[in-house]
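Here is the structure we will look at.
The values are calculated or read from the model by the stated rules, or taken from the named source; none is laboratory data. Everything numeric here is computed off the predicted structure, so don't read it as measured data. Please note: Cβ atoms are built from the backbone with ideal geometry, for glycine as well, and neighbour counts cover all protein chains shown.
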Amino acid sequence: MALRNRGLNWLKQHVDHTGSDCLEWPFSKNWDGYGRVVWLGRAANSHRIMCILAHGEAGEKENQAAHRCGNASCVNPAHLYWATPSQNQFDIKRHDRRHRRRLNPESARVVYERTQEGVSQKSIAVEFGISPRMVRLIANRECWATK
């Protein structure tokens, strides 16, 4: 049980964080970089739980925890706010977060070659605006036919 509560305890310890830089979630994340935590017995996004802890429950049930910084793994309370789904989608597009650039075959080939050269998958993901998971899939030839 202690491990299940580790992420929630960490959020509670950092709810009064006052730094201006992003506060990176140090535990498990989903494929798109969002932190995950157990909240009330269910998996939830860590930034949503931090938003609840720092700012109270969402005013409307459909409201979403949004990032002013555009960093999916950030849980800095000052960077989080409640937004309507349309406001959040606007922010996501403004920060180029969701539906990141799609690769063309040439870019996929370059991604593959860079992984073979030993360049870190994380830096490749940032460079090409794709998820680290996508880089791994390309490196393992599980997607994009890279000959």
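Below is a table of values for the structure above.
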item	result
Any hit, the stretch 108-120, residues being assigned by TED's automatic domain parsing to the domain that holds G33, in a loop (DSSP other than H, G, I, E, B), of a type in the set (D, E) and free of Cβ contacts under 8 Å to residues at least 24 places away in the same chain	no
Selection status of E142, surrounded by fewer than 16 Cβ atoms within 10 Å (Cβ to Cβ), among the charged types (D, E, K, R) and not in a helix (DSSP H, G or I)	yes
Close pairs (6 angstrom Cβ cut-off, 6 or more residues apart or separate chains): on the phi > 0 side of the Ramachandran plot in the stretch 8-30, surrounded by 15 or more Cβ atoms within 10 Å (Cβ to Cβ) and of a type in the set (G, A, S) anywhere	none
